[in-house]
1. Only residues that are at pLDDT 90 or above and among the hydroxyl-bearing types (S, T, Y): list them for the range B:374-408, please.
2. If I ask for residues that are in contact with a helix residue (DSSP H, G or I) (Cβ under 6 Å, 6 or more places away or on another chain), within 30 Å of B:E237 (Cα to Cα) and more than 14 Å from every other protein chain (Cβ to nearest Cβ), which ones from the range A:115-134 would you list?
3. Right, B:R310: buried (at least 21 other Cβ atoms within 10 Å of the Cβ), more than 7 Å from chain A (Cβ to nearest Cβ) and closer than 30 Å to A:N333 by Cα or not?
4. Considering only residues that are out of contact with any Asp or Glu (no Cβ under 7 Å at 6 or more places or on another chain) and either more than 12 Å from B:V360 (Cα to Cα) or modelled with pLDDT of 85 or more (or both), look in the range B:282-296 and name the one that is nearest to the other protein chains (Cβ to nearest Cβ).
5. Mind listing whichever residues of the range B:59-73 are more than 22 Å from the chain's Cα centre (by Cα), surrounded by fewer than 15 Cβ atoms within 10 Å (Cβ to Cβ) and farther than 15 Å from B:A16 by Cα?
6. Would you confirm whether or not the range A:74-88 contains a residue that is more than 14 Å from every other protein chain (Cβ to nearest Cβ), among the β-branched types (V, I, T) and buried (at least 18 other Cβ atoms within 10 Å of the Cβ)?
7. Do the conditions hold for B:A209, that is, is it surrounded by fewer than 23 Cβ atoms within 10 Å (Cβ to Cβ) and either in contact with a His (Cβ under 8 Å, 6 or more places away or on another chain) or aromatic (F, W, Y) (or both)?
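The values are calculated or read from the model by the stated rules, or taken from the named source; none is laboratory data. In this text the structure is predicted, and so the values were computed from the model without any measurement. For neighbour counting, all protein chains shown are included, and Cβ atoms are generated from backbone atoms with ideal geometry for every residue, glycine included.
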There are 2 protein chains.
Amino acid sequence: MTLRAVGVVGGGVIGAGWAARFALAGTAVTVFDPDPEAERRMREVLAGAERAWRRLTLAPLPPPAPVAVTGDLEAAVTAADFVQEAAPDCEDHKRDLLARVSRAARPEVVIASSTATLLPSRLQGGMAGPERFVVGHPLDPVYLLPLVELCGGARTAPETIERAAAVYRAIGMHPLHVRDEIDGLIADRLLAAVRREALQLMSDGSATADEIDQAIAFGPGLCWSFMGTERPDAEAERRRDDCLVAVLQALRSQGTAAGATLHAFDQRLFQGSHRRLMAAGDDLARPLRLHEARVLPEWVDYNGHMTESRYLQVFGDSTDAVLRYLGADAAYNASGFSFYTVETHIRHLREVEAGAPLRVTTQVLAADARRLHLFHEMARGDDGSPLATGEHLLLHVDTRAARACAAEGEMATRLLRLAAAQAALPRPAAAGRAVGQPRAGQRAVAT
Amino acid sequence: MTLRAVGVVGGGVIGAGWAARFALAGTAVTVFDPDPEAERRMREVLAGAERAWRRLTLAPLPPPAPVAVTGDLEAAVTAADFVQEAAPDCEDHKRDLLARVSRAARPEVVIASSTATLLPSRLQGGMAGPERFVVGHPLDPVYLLPLVELCGGARTAPETIERAAAVYRAIGMHPLHVRDEIDGLIADRLLAAVRREALQLMSDGSATADEIDQAIAFGPGLCWSFMGTERPDAEAERRRDDCLVAVLQALRSQGTAAGATLHAFDQRLFQGSHRRLMAAGDDLARPLRLHEARVLPEWVDYNGHMTESRYLQVFGDSTDAVLRYLGADAAYNASGFSFYTVETHIRHLREVEAGAPLRVTTQVLAADARRLHLFHEMARGDDGSPLATGEHLLLHVDTRAARACAAEGEMATRLLRLAAAQAALPRPAAAGRAVGQPRAGQRAVAT
């Protein structure tokens, strides 16, 4: 199916959301809206949608398709391969608009209405070619939520449902065919039931709106993106847990709701682990063992092995553990100092599968008040077989001045003490593969 | 607050979930359950919970605390610093259990019940020290869902609510104080409202259970983990979109529901981008421009800059783009061949902030049927300033035999053609900082 041009009737939040989704997927859009403000609103929604899609997709987006806004209804739909109506939910107004659209559009073009409350059999009454009419109801924001509920009227042809579903799939949506013409279709009916119960709790004085939001967002709302309303059987528990973990980590990346709770708990766990590390860390003359990890399922690439950047992530986390060990923690960073990595050398020795335990040992090859030269060895935690080595040169920096500087006071003392304690360790055979060799014209971070 | 030992009364799904959450957070647990099967169920839940927590937290977990199962109620709670009851919801049975617990536990110990349907004023009736009783209602799985609804009875002391909330926070939960003693508290009331509406739709024949699940999971369910029931105002739209993108990407990592829809759409976008790349890719004598990216908010570390492993992620994605360009796509991998990176050298030249556009150009330093030697230069997409270089040696491998081998046929031809076309390009000044130099005893991936 080729979809070169789409007409959108109505430029409110829903219409603009439709226009953004079609345009970002590469289809030219003409929006009908008589309001002189429509063009400005459209540009705002488009900018927000483009920002979201640049984060959303792994694949590069196609070149942006043009979006035009016009006050001429017929001009918006004459050349369209598909028409999406998104006018206000007033039956008489909508019937009139759809009848005009049906006379201006080519006879084979599918015409869809965004309504959830008006019945398709009534809306298609005055149309030329009512068999190509269907309800295609989205949710706000249209450009991110995949659900689109399809519902035909008494005169809708079955193939119209299929053709509309194909259009929606092509722009990344999930079409759901609702067989009965019911007010609210399915999703809005369920939303309304939640709202009614919430209003009852509020009018009884049993809960505030904020408490109700918390009861959803920290509880069942965490499951509703992958489980619907049902609880899983025993076999599905592991999959349910994986999805819950992924959603909780997503929310942590946004610092929101249950993600903020998880972050606070993680900080508590980190404090405990730091106390354990510091207590065990007196034997500085041995390679440091400050970091362990496990290969997460999402770290694995199409070959079934840990993808290459995750090796550096584990080495980076190991470097962070060394820095925390030295006292270069959040408070030290807040005081205006930090360590920046300027050069890295990695040897990939062996592949490793999802779930495998990882253990990193770290040798300080050299350190003074200005630089820290580390050599990490990553091995399997179960059988000790070597997986990779990472050699890293870090500079101590003044983050406000954005340049390298010497550490002072306790930090300088600790750097020198650690370097002196590890100086007697044999140099790893793989160390020195070029990292850190002085070279004319070399540039460093933040100099 | 020190919490060394917890008693859990009842070893069903909820009790075992409580035991797992306490034990993983470092607190010893004794579970009372007269059922001889309780110990086996407990070990199963514990194993599942530990697996989930190893994925969930960034911080290392504390050493696992012991979990004991006993058929002796008094023995389970005598030494406890906190008691969590999770017996079946039968009022007479629960009143009896709680009365016995209240006489065996130390008088200052808080005793919490997991019920959502029995009223705390009635449950605390026969207890010694009823002022330290509170309802603390979790959701399944207890070890992952943070919500715990707290509700006191008529004789519950206000500080009991606060002490219980502190215990729950210490194990990573989100306590929500429900002020009225209402059947179902808040979360279960809302869940029940959704279930009632779902049953109505099913009994009307308007929707199947699966259709209802889809209407939630692909629509409003995507928002309920961060928005509760409310729709955002205009100011909150950007934050809403960021959360939605994060949740959609989390589901993509699990291949589930809206994540599977997003993945299918991404594949469609990739096909379009490959067609555009191949069509534009005839001038092989220039450095390749196959990859662009943008610094995502979650790529940024505590210094406010892109964290080091993300540089390698972008270089890895650039390498993948070169491989796709060469035709080493999913079908090629499925045929048993792939390219593995064996050595990497990165120079970090300049920091870069969240939101910045990135552009990578790639020069093929050398290639033959067995190896591919790449040099990536990463620059800002807006002002072209250099950010990092990545030099990578890849070997062509037989993935089933797990060893390097020569590419054959078209792949060999393309490798040689690309290398020959780029041979005339000047060698980057920063290339050759040790990567790829032969060295006695060097080991490679998959040999």
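1. B:S385, B:T389
2. Answer for the range A:115-134, where residues must be in contact with a helix residue (DSSP H, G or I) (Cβ under 6 Å, 6 or more places away or on another chain), within 30 Å of B:E237 (Cα to Cα) and more than 14 Å from every other protein chain (Cβ to nearest Cβ): A:L118, A:V134.
3. Criteria met by B:R310.
4. Among those that are out of contact with any Asp or Glu (no Cβ under 7 Å at 6 or more places or on another chain) and either more than 12 Å from B:V360 (Cα to Cα) or modelled with pLDDT of 85 or more (or both), it is B:L296.
5. B:D72, the sole residue that qualifies.
6. Checked against the condition, which is being more than 14 Å from every other protein chain (Cβ to nearest Cβ), among the β-branched types (V, I, T) and buried (at least 18 other Cβ atoms within 10 Å of the Cβ), the range A:74-88 yields at least one hit.
7. no
Yes/no matrix, rows are residues, columns are (1) surrounded by 16 or more Cβ atoms within 10 Å (Cβ to Cβ); (2) assigned to a strand (DSSP E or B); (3) more than 26 Å from the chain's Cα centre (by Cα):
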site	(1), (2), (3)
B:V6	yes, yes, yes
B:A52	yes, no, no
B:D92	no, no, yes
B:R103	no, no, yes
